[in-house]
Amino acid sequence: MNKLSKIVASTKWDAVIPCIAFAVYFWISLHLYPRMAPDEYLRLTIPFFISDNNALPLGPEPEIVNPIWGFSYAYTAYGPSMLSAVFVEIASWFTTNASVLIVAARLTSVVSGALTVFLAMRIARRLFQNPASSILLGTLVAFTPQFAFMSSYHNNDIPSACAVTILILAWLRGIQDGWDTKNAALLGLGLGACSVTYYFGYGFILASIPLFFVSIFHSRGKVKIDKRKIWGLVGVVFVVALATGGWYFIRNGIIFDGDVIGMSTRDVLAEQMAQEEYKPSKHLTPQREGWSVWHMIFGDYNGFGWWEYTSQSLVGFFGYMEISLSSSMYLGYALLVPFLLIGIFSFRRVTMERGKLLLHSAMLFGLFMAVAFTVYYSWASDYEPQGRYVYSAFVVLALYAVLGMETIGTLVASFVSRFVYMGQSAGHAKDIGRRRLVTHGASVELLVAACLYILAFAYVWKNWLGQCLTGVVPPDSLVPFFQ
């Protein structure tokens, strides 16, 4: 038992699992057919444009505007594309091979996915009582089929999940260790990164403001601060957030006549350039057709059930919603839902001396807003029942699920220990023995769950994900960038 405890408690797992995840994601990125990567062909125009022109696009450039929808992704936050442009530029020093340059652009998602796993495990070390929960959380995040799939092609979803994970780690460090310059800078980094990835993660930005001030004014930790120090920390957060992402919105406000988000300007261009049926004024949505939000979520709009497709694609639905898992596999992954609910209602078990309710409330708010944004987007803008839009909050879902599994695992191990020590006289030795048995029993249960989750991922790869891995063939829309 002592040997198992040492193995499980080793922090080497915090490096091993993310490194394995990186290797898996990178291998998939080397073989993933772009036709199977949703919207990648359109998003890739941004990093290639930046690399070719050594400048950020304004938005209406013909080479980046989609001829069907009439807009470009240069009007929405594209922080991941800026980072991908760096990888593309470096790769272009050695080769002009289109397939290699596409894989280089995908490195942003590959790195973001692996980094998300690493950060999630660091959070788990601070939150969970059992070290095995950290291993399970890393496994659950890394090897959820849809997460692995999206970590292998160019998108905003995985970098958004990474940015949110940075925010949660900053929250936790600020609450537990006190807010100092280092933790304030980490919060600013998370805020800036989150702002230029995906709007679906903006709920976590909103939650950061009250969490920061409430926790800092009620701090009784090691760091003693006065009001002058507080505003100094606010300045650190502001400067780092501005340098990381805030400048982008200032630029938007200048070039788009005050439209800092860029959405209104994008719609104006789309109205002029899109094909007739895809113009914003003509594009049909559930809202325009008189559907209520409730009816859309639980009804069957245009043959696609929003709830069914969103929940399934949260687990695994590859290509342009073309390759689905079997019903039995979806049911297997659905077994996590009860644990998720248990985790939400047993958050008091986390190893925090103070701030439990504050952290719990902030995570739930961010999760709620991610789902709310996704619902509203499908209802009022573009009906796309896809779980990837909720991935900004994916780590929160995973945290609650693992907490629920730890809670049940501990209860089961405690129940078993009563029978093992039944009949023995009460005493210190018996109490120590029972506690050890409970801890080790729960650890074994959590490790078995992690192993089963990896086996499930391997099965999904063999039967469904592998169908997407036919080679990196540049799509026609990107050919002009390679000529």
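Could you list, in sequence order, all residues of the range 57-73 that are touching a Phe, Trp or Tyr at 6+ places or on another chain (Cβ under 8 Å) and either of a type outside the set (A, V, I, L, M) or closer than 11 Å to Ile46 by Cβ (or both)?
Kept after step one, since they are touching a Phe, Trp or Tyr at 6+ places or on another chain (Cβ under 8 Å), are these residues of the range 57-73: 57, 59, 61, 63-65, 68-70.
Scanning the range 57-73 gives Pro57, Gly59, Glu61, Glu63, Ile64, Trp69, Gly70.
Evaluate the following for Ser109: is it small (Gly, Ala, Ser), surrounded by fewer than 24 Cβ atoms within 10 Å (Cβ to Cβ) and assigned to a helix (DSSP H, G or I)? Walk me through it before giving the result.
On the way: small (Gly, Ala, Ser): yes; surrounded by fewer than 24 Cβ atoms within 10 Å (Cβ to Cβ): no; assigned to a helix (DSSP H, G or I): yes.
For Ser109, the condition - small (Gly, Ala, Ser), surrounded by fewer than 24 Cβ atoms within 10 Å (Cβ to Cβ) and assigned to a helix (DSSP H, G or I) - is not met.
Within the range 142-160, which residues are of a type outside the set (Gly, Ala, Ser) and assigned to a loop (DSSP other than H, G, I, E, B)? Show your work before the answer.
Quick first cut of the range 142-160, residues of a type outside the set (Gly, Ala, Ser) only: 143-147, 149-150, 153-159.
Passing the criteria: Phe143, Thr144, Tyr153, His154, Asn155, Asn156.
Looking at the range 271-297 only, could you name the residues that are among the aliphatic types (A, V, I, L, M), within 29 Å of the chain's Cα centre (by Cα) and crowded, with 18+ Cβ neighbours inside 10 Å? Lay out the reasoning, then the answer.
So the first thing to find is which residues in the range 271-297 are among the aliphatic types (A, V, I, L, M), and the list is 273-274, 284, 293, 296-297.
Of the ones still in play, those that are also within 29 Å of the chain's Cα centre (by Cα) are 293, 296-297.
Of everything in the range 271-297, those that are among the aliphatic types (A, V, I, L, M), within 29 Å of the chain's Cα centre (by Cα) and crowded, with 18+ Cβ neighbours inside 10 Å turn out to be Met296, Ile297.
Examine the range 50-73 for a residue that is surrounded by 17 or more Cβ atoms within 10 Å (Cβ to Cβ) and under 22 Å from the mean Cα position of the chain (by Cα), and state whether such a residue exists.
Yes; the residues of the range 50-73 include at least one that is surrounded by 17 or more Cβ atoms within 10 Å (Cβ to Cβ) and under 22 Å from the mean Cα position of the chain (by Cα).
Among the helices (runs of 4 or more DSSP H) confined wholly to the range 169-287, which include 3 or more residues that are modelled with pLDDT of 95 or more and touching a strand residue (DSSP E or B) at 6+ places or on another chain (Cβ under 6 Å)?
On the way: elements: 181-195, 202-217, 227-241, 247-255, 263-273.
It comes to none.
Would you please name the residue that is farthest from Ala241 (Cα to Cα), looking only at residues in the range 168-192 that are touching a residue at least 60 places away in the same chain (Cβ under 8 Å) and crowded, with 24+ Cβ neighbours inside 10 Å?
The selected residue is Ile175.
Can you tell me which residue is farthest from Gln129 (Cα to Cα) among those in the range 340-397 that are surrounded by fewer than 21 Cβ atoms within 10 Å (Cβ to Cβ) and of a type in the set (D, E, K, R)?
Per the stated criteria, the residue is Asp382.
Table: residues versus (1) part of a helix (DSSP H, G or I); (2) in contact with a helix residue (DSSP H, G or I) (Cβ under 7 Å, 6 or more places away or on another chain); (3) touching a residue at least 60 places away in the same chain (Cβ under 8 Å).
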site	(1), (2), (3)
Ser84	yes, yes, yes
Val88	yes, yes, no
Thr96	no, yes, yes
Ser99	yes, no, yes
Ile102	yes, yes, yes
Phe118	yes, yes, yes
Ala124	yes, yes, yes
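Restricting attention to the range 1-45, which residues are over 22 Å from Ile158 (Cβ atoms) and in a helix (DSSP H, G or I)?
First, pick out the residues of the range 1-45 that are over 22 Å from Ile158 (Cβ atoms): 1-12.
Matches in the range 1-45: Asn2, Lys3, Leu4, Ser5, Lys6, Ile7, Val8, Ala9.
The values are calculated or read from the model by the stated rules, or taken from the named source; none is laboratory data. Here the structure is a predicted model, which is why all the values come from computation and not from measurement. Note: ideal-geometry Cβ built from the backbone for every residue, glycine included; neighbour counts use all protein chains shown.
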